[in-house]
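Undergrad: Below you'll find the structure I mean.
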Amino acid sequence: MVEDTTHLLEIWVAGWAGCRGYETRREGRFPAAFRSDTTHEWEYFAYDPSEAEFAALAAKTAEVPARVLTILTNDVARYKFLGQRHGIHVTSASQTMMIVDMETQDSEDPWLSDDDLKLETSRTDGVHHAVVSAGEEVAASGRVFVVGHTAIFDKIVTSPTYQRRGLGSFIMKALAAQAFEHDVDSGLLLASLDGQKLYSHLGWRMVCHVLMLSTSDEGADLSVG
């Protein structure tokens, strides 16, 4: 599977914003999303921008401390250097974009082996949700939003109390089953370091590194999940 990473970024931003109810717009040729639930500011996204493009995006980012510039690249050193030159610093460099061929994923609803846990799935405004609960407590949760033929997975979270019980994999499988209600052929997500191990085990592979830059630390790791 050969990808155009610029196109993948466009699809991911659309799906991620769809999952979270964010407004999106263009900043030049690049997508941006308004973080209405966290920083209440814009986050800009670009894959391997030119030095001039980076300078323009960095200037927009530096206008407000809460703004974030997220760069997808496999030349991390270059954009760290450019960030320093233009007055913004790296707040996160541990994430990666990952992709999967959905044909490799199970289309059936998974079974919970623990009788104390219960799976609930729902769909609201096009967003598919999966929640595993233990009584009133949420043990694990996640969501997925489909853009075209791509499923964008977001906010895959397991409560610390319930970690190392396979619930991350379970949530991913439950969401994949919902995504198959659509004609999907690939999946996309941004993964933290912990998530990268889980997703690799499930057949996902890395597309590129993800750098987040800002004049402050307010936006660090906000895209994770």
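The values are calculated or read from the model by the stated rules, or taken from the named source; none is laboratory data. Owing to the predicted nature of the structure, the values given are computational and were not obtained by experimental measurement. For neighbour counting, all protein chains shown are included, and Cβ atoms are generated from backbone atoms with ideal geometry for every residue, glycine included.
Undergrad: Need pairs with beta-carbon distance below 6 Å; first residue farther than 15 Å from residue 83 by Cβ and within segment 38-64, second acidic (Asp, Glu); sequence gap 6+ or separate chains.
TA: Qualifying pairs under 6 Å: 39/218; 64/41.
Undergrad: Give the residue that is surrounded by the fewest Cβ atoms within 10 Å (Cβ to Cβ), with candidates limited to residues of segment 81-135 that are among the charged types (D, E, K, R) and within 23 Å of residue 7 (Cα to Cα).
TA: Ranking the candidates gives 103 first.
Undergrad: I'm trying to understand the selection: among the residues of segment 24-44, which are among the basic types (Lys, Arg) and assigned to a strand (DSSP E or B)?
TA: 25, 26
Undergrad: Checking residue 92 against (1) farther than 19 Å from residue 198 by Cα; (2) part of a strand (DSSP E or B); (3) outside the structural domain of residue 62 (by TED's automatic domain parsing); (4) in contact with a strand residue (DSSP E or B) (Cβ under 7 Å, 6 or more places away or on another chain), which test does it fail?
TA: (3)
Undergrad: Can you say whether residue 55 is outside any loop (DSSP other than H, G, I, E, B) and either within 26 Å of residue 131 (Cα to Cα) or not assigned by TED's automatic domain parsing to the domain that holds residue 185 (or both), as far as the supplied structure shows?
TA: Criteria met by residue 55.
Undergrad: Look through 133, 107 and report the one residue that is assigned to a strand (DSSP E or B), among the hydroxyl-bearing types (Ser, Thr, Tyr) and either farther than 26 Å from residue 11 by Cβ or at pLDDT below 95 (or both).
TA: 133
Undergrad: Would it be correct to say that residue 32 is at pLDDT 95 or above and either under 23 Å from residue 179 (Cα atoms) or under 17 Å from the mean Cα position of the chain (by Cα) (or both)?
TA: yes
Undergrad: Regarding segment 64-78, can at least one residue be identified that is aliphatic (A, V, I, L, M), surrounded by 13 or more Cβ atoms within 10 Å (Cβ to Cβ), in the same structural domain as residue 171 (by TED's automatic domain parsing) and in contact with a strand residue (DSSP E or B) (Cβ under 7 Å, 6 or more places away or on another chain)?
TA: no
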